[in-house]
Every structure is written in C-alpha cells, then in structure tokens.
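Trainee: Structure in structure tokens, see below.
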Amino acid sequence: MSLNRRGALGAMLAALMAGTLSFGAAQAQAPSSASASAPAQAAERVRFTTNAGNFTIEVYPEAAPKTVANFLEYVNSGFYSGTIFHRVINGFMVQGGGFDRDMKQKPTRAPIPLESQNGLKNKAGTVAMARTGDPNSATAQFFINVVDNPNLDYPQPDGNGYAVFGKVVEGMDTVDRIKKTPTTAYGPMRNVPATPIVIESATIVK
C-alpha cells in the first residue's frame, strides 16, 4: 500500500472517529459485503424506502445474534423512519439511522456488545453497526460499505474491528446514488449530504 493510500485511509478513519466521539453514540465507521461464509439458510430481510430510492438488507443472526436482534428491534419500533444518512464518504461508506433531518440525534436504547469476530468481512455492500471509540457502544446507527474495507475487519483499526451483520441484496444502485450525493459541513460534522437523504421507512419483508 502506498504512503498516499495509507494517509488517505488514516484521514478517513480519523474523521469518522472525531465525528462519532463528538456526538456520543453516533456511528463511526463502516464495513461492507458479507463473506462467503455467511449463513446459507434463508435470512430475514429489511426493506428501506428512502427519498433516493429503495434498498433491501439481508441480516445474519447466526453470525451476529445480538447485533441483528438489536437492529430488528429498532426496525420494528419504527425508529428509522425520518432518520437520515448523515455521513457519506464515496470510496468508503455511507452512514445513517441516528439523526433526523434537522440533524438532531434521536434517543436510543442501551448499547450492545461488539460482535466483530464473527467471520463476516467489511466488503462492498455489507452492513455494519457504527460505534464510538468504545467497542461496546453501538446503538442504532449503521453503515453500508461502498468498497471493500479490510481496514475495518477485526482486529483493525483499533484492536476491535467493526461488526458486520448483513448485506445489501437489492437496490445497490440506490446506495450508489447516495454515495455520490454532494456533501457539506454541519457544525463539527463533515461529509453531511447537502440535500438530506431521508429514510422514509424500514420494514421486515419475507
């Protein structure tokens, strides 16, 4: 890996960590598409409807039981409706599920333990929980890897990794649109879409 590439990755990780620590449990980084070892049995799916299009996530409770149970509780409660993708970094990840369109952070339940040692990798299209510098701080925010991010796999980047728990199985074209949206700064936060990308609903589908 070149020094320039290392520097770019370091800058992205530093920006994410700064953003999450500034906003308490706001998500930090993103993993990607599930590895070939993902559970083979039929998995539950969640359909997200946004003002940029729709996408569907398949979740893997056998690999990340606590993470999936937590995520589905937020889905079933309607928590994600009206939240936005508040951090978008093309070439890295898109992160959402914690702030409303006025950039107010929604109250969450207690954080969950980290399940990053589950064999799933941060490949393009995979979904992981965001967290702060505390490895056991994930609540509602999640991110979608838009490229392979091996630098987020356990034990990188901080000895803990980021827990992948699903992947996008439909609507990756929507994610591609989201990742290309122009961004701006909002207070201390960077990489905020200039036009809000709003999650209108998240529902479990069979």
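The values are calculated or read from the model by the stated rules, or taken from the named source; none is laboratory data. Quick caveat: nothing in here was measured; it's all calculated off a predicted structure. Cβ atoms come from the backbone with ideal geometry, glycine included; neighbour counts cover every protein chain shown. When the accessible area is computed, the model is the full protein with side chains, heavy atoms only, and any ligands, DNA or RNA have been set aside. Shrake-Rupley method; radii C 1.70, N 1.55, O 1.52, S 1.80 Å.
Trainee: Give region 79-93 a look and list any residue that's outside any strand (DSSP E or B) and under 20 Å from residue 109 (Cβ atoms), or say none.
Mentor: 79, 80, 81, 82
Trainee: Evaluate the following for residue 96: is it under 27 Å from residue 194 (Cα atoms) and either open to solvent by 10 Å² or more (accessible area, probe 1.4 Å) or acidic (Asp, Glu) (or both)?
Mentor: Working: under 27 Å from residue 194 (Cα atoms): yes; either open to solvent by 10 Å² or more (accessible area, probe 1.4 Å) or acidic (Asp, Glu) (or both): no.
In short, no.
Trainee: Right, something else. So which residues in region 162-206 are part of a loop (DSSP other than H, G, I, E, B) and more than 19 Å from residue 76 (Cα to Cα)?
Mentor: Across region 162-206, the qualifying residues are 162, 163, 171, 180, 181, 182, 187, 188, 194, 195, 196, 197.
Trainee: While we're looking at this one, here's another question. Looking only at region 54-78, count how many residues are open to solvent by 20 Å² or more (accessible area, probe 1.4 Å) and either of a type in the set (Phe, Trp, Tyr) or in a strand (DSSP E or B) (or both).
Mentor: The number of residues fulfilling the criteria is 2.
Trainee: Taking the condition under 17 Å from residue 86 (Cβ atoms), out of contact with any Asp or Glu (no Cβ under 8 Å at 6 or more places or on another chain) and surrounded by fewer than 17 Cβ atoms within 10 Å (Cβ to Cβ), does residue 159 pass?
Mentor: no
Trainee: Under the condition of being free of Cβ contacts under 8 Å to residues at least 24 places away in the same chain and over 26 Å from residue 176 (Cβ atoms), which residue from region 99-135 is least open to solvent (accessible area, probe 1.4 Å)?
Mentor: From region 99-135, those free of Cβ contacts under 8 Å to residues at least 24 places away in the same chain are 100, 102, 104, 107, 134; that's our starting set.
Then keep just the ones that are over 26 Å from residue 176 (Cβ atoms); that gives 102, 104, 107, 134.
Working: 102: 97, 104: 126, 107: 114, 134: 79 Å².
Step by step, filter region 99-135, then rank; the result is 134.
Trainee: Oh, and also: Give me the pairs: first residue in region 136-164 and small (Gly, Ala, Ser), second residue surrounded by fewer than 17 Cβ atoms within 10 Å (Cβ to Cβ) and in a loop (DSSP other than H, G, I, E, B), beta-carbon distance under 7 Å, and six or more apart or on different chains, which are they?
Mentor: Cβ pairs passing all conditions: 161/155.
Trainee: Okay, moving on. With the requirement that a residue be in contact with a strand residue (DSSP E or B) (Cβ under 6 Å, 6 or more places away or on another chain) and open to solvent by 60 Å² or more (accessible area, probe 1.4 Å), what does region 185-206 give you?
Mentor: 186, 194, 200, 203, listed by residue number.
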